[in-house]
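Notes follow once the structure below has been shown.
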Amino acid sequence: MKRFACGDVVPGCEDVFLGATDDEVLDQALQHAAEAHGMTDVPPETLEHARGLVTTVA
Ligand SMILES: [Zn+2]
């Protein structure tokens, strides 16, 4: 399973996303970023940075 912590990109945010694949986790994170942080237009480099922060958990 994959895991992404929003706090790795947005300091202070404690939301964590889990999914089967990187894309599944990042889709959730993007939706969260738009709703919770008003980040409706995430640059590709930020998305790639976030992808690099996705970890694999058991
Ligand atoms: Zn967040």
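FYI, it's all coordinate maths here, none of it is from the lab. Everything numeric in this text was worked out from a predicted model, so none of it was measured. Here the Cβ positions follow ideal geometry from the backbone for every residue, glycine too, while neighbour counts run over all protein chains shown.
Provide the net charge surrounding C6, with neighbours chosen by a C-beta distance below 12 Å and charges set as Lys +1, Arg +1, Asp -1, Glu -1.
Details: positive: R3; negative: D8, E14, D15, E35.
Summing Lys and Arg as +1 and Asp and Glu as -1 gives -3.
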- Query: Tally Lys and Arg at +1 and Asp and Glu at -1 over the other residues with C-beta under 13 Å from the C-beta of A36: what net charge comes out?
  - Reply: -3
- Considering the alpha-carbon set of the chain alone, what are its Rg and its Dmax in angstrom? 10.3, 32
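Could you please report the charge total around G19, scoring K, R as +1 and D, E as -1 over all other residues with beta-carbon less than 12 angstrom from its beta-carbon?
Details: positive: K2, R3; negative: D22, D23, E24, D27.
Residues near G19 contribute -2 overall.
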